[in-house]
1. Rounded, prolate or oblate: which fits chain A when a ≥ b ≥ c are the square roots of the eigenvalues of the alpha-carbon gyration tensor, with rounded for a/c under 1.5 and prolate only if a/b beats b/c?
2. If you plug each phi of segment A:214-229 into the Karplus form 6.51 cos²θ - 1.76 cosθ + 1.60 with θ = phi - 60°, what whole-Hz ³J(HN,Hα) values come out, in order, with x for Gly and Pro?
3. Tally Lys/Arg at +1 and Asp/Glu at -1 over every other residue whose Cβ is under 11 Å from the Cβ of A:K212; what's the total?
4. Give me the mean projected area, in nm² to one decimal, of the convex hull enclosing the Cα positions of the protein assembly as shown.
5. By its C-alpha gyration tensor, with a ≥ b ≥ c as the square roots of the eigenvalues, how is chain B shaped: rounded for a/c under 1.5, else prolate for a/b larger than b/c, else oblate?
6. Using θ = phi - 60° and the Karplus curve 6.51 cos²θ - 1.76 cosθ + 1.60, what whole-Hz ³J(HN,Hα) does each residue of segment A:253-266 get, with Gly and Pro shown as x?
7. Taking Cα atoms, how many degrees apart are the long axis of helix B:7-33 and the longest axis of chain B, rounded to 10 and kept between 0 and 90?
8. When you look at the Cβ of every residue in B:168-174, what mean number of other chain Cβ atoms sits within 10 Å?
Amino acid sequence: MTTTLELSPRVVEINAAAEPAEQKSIEINNVTVSFKTPTGVYTAVKEISLEVKKGEIIALIGHSGCGKSTLMGTISGMVQPTSGEVKANGNVVTKPGPDRGIVFQNYSLLPWLSVYSNIYEAVDAALKDKTAAEKKALVEKNLKMVNLWSHKDKLPGQLSGGMKQRVAIARAFAINPSILLLDEPFGALDALTKSNMHVELLKLWNLDNREKTIVIVTHDVEEAIFLSDRVVVMNNGPAATIKEIVDVPLPRPRNKKEIVHDECYMAIHDKLLSLLIDKFSINDIH
Amino acid sequence: MKKIFSVNTLLSALYFIGGLALMGGIWELIAAITKHEIPTPAMTWDVFKEVMQNPMQNDPDYKGIGVKLLSSLSRVGIGFGFGSLIAIPIGLIMGSSKITMNIINPMVQILRPVSPLAWFPLGLAIFQDSPQASIFMIFICSLWPTLINTAFGVSHIPQDHKNVGKAFGFSRWKYITKIVLPYTFPHILTGLRLSIGVAWMVIVAGEMLSGGMGLGYFVWEEGFNGGSVAKILVAIIIIGIVGLLLDRIFMTLQKRFSFAG
């Protein structure tokens with residue numbers, strides 16, 4: 001049902017044409033991240049460069065521990081690159097900021113605060129210039145957007161996993177960032193809830209005229225294709241690099257049910273599987 | 001309607017009565033073996049009733065058991081209160097970083113195992129006043145559990161919660177009031193619960209040393225010096241029950257403020 005809410009691609013094209021050329025939203029220049037561990041220096045990602053356009057959705061995909069979350073961390077400012085630099089909206093990233101909204105893997109809601117307060121405190125901290133009334137209006141707007149206004153007084157512990165993640169998404173949207181960073185956001189959800197969340201996320205992106213840049217870290221191939229314009233496949237760590245970038249030229253709005261029969265979708269799906277998996281059957285195990 | 005008597009509550013009531021009966025039986029046995037050197041429960045009960053007459057009598061030459069209890073409780077309250085006021089902030093600082101932990105922890109580990117009795121003469125030297133010395137003793141001894149538990153709580157704030165503060169740029173004040181304190185609060189309450197137990201345990205020793213007032217003095221003066229073992233037993237029972245009640249108060253608070261992660 002919600003798929004139909006996506007704006008037609010034509011509207012977006014007109015919007016895009018009005019933009020001055022192509023704007024770079026995120027620039028990752030030769031970034032290496034190393035950590036000191038008791039057993040020595042561990043390099044998570046090595047000399048990675050990547051550019052993301054404004055309004056683009058990209059997926060970072062790879063095996064667990066391949067450094068995709070670390071790379072995401074350099075964009076959000078939660079992780080400092082050991083060398084190289086990351087620019088967000090033209091500014092070098094040194095710490096998290098209100099131009100980048102983050103949705104964490106484990107929802108990261110504060111269990112002692114109501115749904116409402118969880119979002120309000122984030123808005124209050126991130127948007128210091130706004131008046132209390134403006135902040136409250138933002139919280140209300142975003143909670144209604146994810147259909148959780150009636151649950152605003154509940155504690156996170158009283159919500160299902162999907163609802164918690166919607167609160168986390170509403171919180172990230174509420175500070176109206178130009179870049180949205182999602183770190184395995186739907187990894188803990190069941191398949192049905194996950195599908196709904198994909199559609200809801202695209203709906204929110206559409207409502208915002210597809211202006212937000214979204215980076216999503218995932219290990220789910222279907223999720224990556226359905227959501228993104230480009231899929232960045234990473235090598236296994238340590239010292240992970242980009243293995244390949246796969247374009248997803250599927251038209252939007254995309255339909256969950258129909259897309260899986262699309263030849264282009266199937267080709268991308270196959271390609272990604274080949275890049276990620278080297279054993280497809282018991283016959284392949286030697 | 002809520003059931004008041006479920007099978008479980010009935011069973012646990014029966015176990016409780018059974019436990020009491022067992023204790024009474026052992027008590028009777030000991031009384032018989034010692035040829036009533038240790039009085040029987042019935043004899044103790046008589047003395048208990050006698051002690052409980054005019055509990056609030058407050059004459060210069062005689063103070064009722066209630067007055068003594070209240071004076072003990074007020075001393076515990078003051079010592080425990082000041083102790084907690086110091087222990088919670090220090091615990092918060094101690095737990096907030098590895099550096100402060102490494103600076104403060106050795107001092108805590110050295111001072112914590114010191115016997116309450118060793119602090120009494122120090123208090124006496126500082127305050128030149130024995131009631132104040134016993135408050136000082138409670139203060140010092142009730143610091144540690146709260147301090148250690150608070151520090152433990154702060155140092156175990158999950159990374160997820162810290163990330164929220166970092167990602168949305170929480171100010172220092174917001175971080176402390178919205179993340180550190182709510183997360184640490186149940187740990188602080190656990191510390192306070194252990195501390196009040198220690199404080200209540202220490203008061204009797206303190207009052208025995210300082211003399212003059214309180215339950216400790218009652219045990220020593222009216223019980224031992226007065227030659228009434230029954231009065232010692234009565235005092236032990238009262239001390240035990242009040243200690244239990246204090247514990248229950250903090251347990252209730254703990255339950256009230258625990259949250260499901």
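1. Note, shape of chain A comes out rounded.
2. In residue order, the calculated couplings are 10, 10, 10, 8, 7, 10, 9, 4, 4, 4, 4, 5, 4, 8, 9, 8 Hz.
3. Result for the local shell: -1.
4. Mean orientational projected area (the protein assembly as shown, Cα hull): 38.9 nm².
5. Verdict is oblate for chain B.
6. x, 8, 10, 3, 7, 7, 4, 5, 8, 5, 4, 4, 4, 5
7. For helix B:7-33, the angle is close to 50 degrees.
8. Average per residue, whole number: 6.
Throughout, read-outs are computed from the coordinates displayed, never taken from laboratory work. Note that the structure is predicted; figures quoted are calculated from it, not measured. No Cβ is skipped: glycine too gets one built from the backbone with ideal geometry, and neighbour counts run over all protein chains shown.
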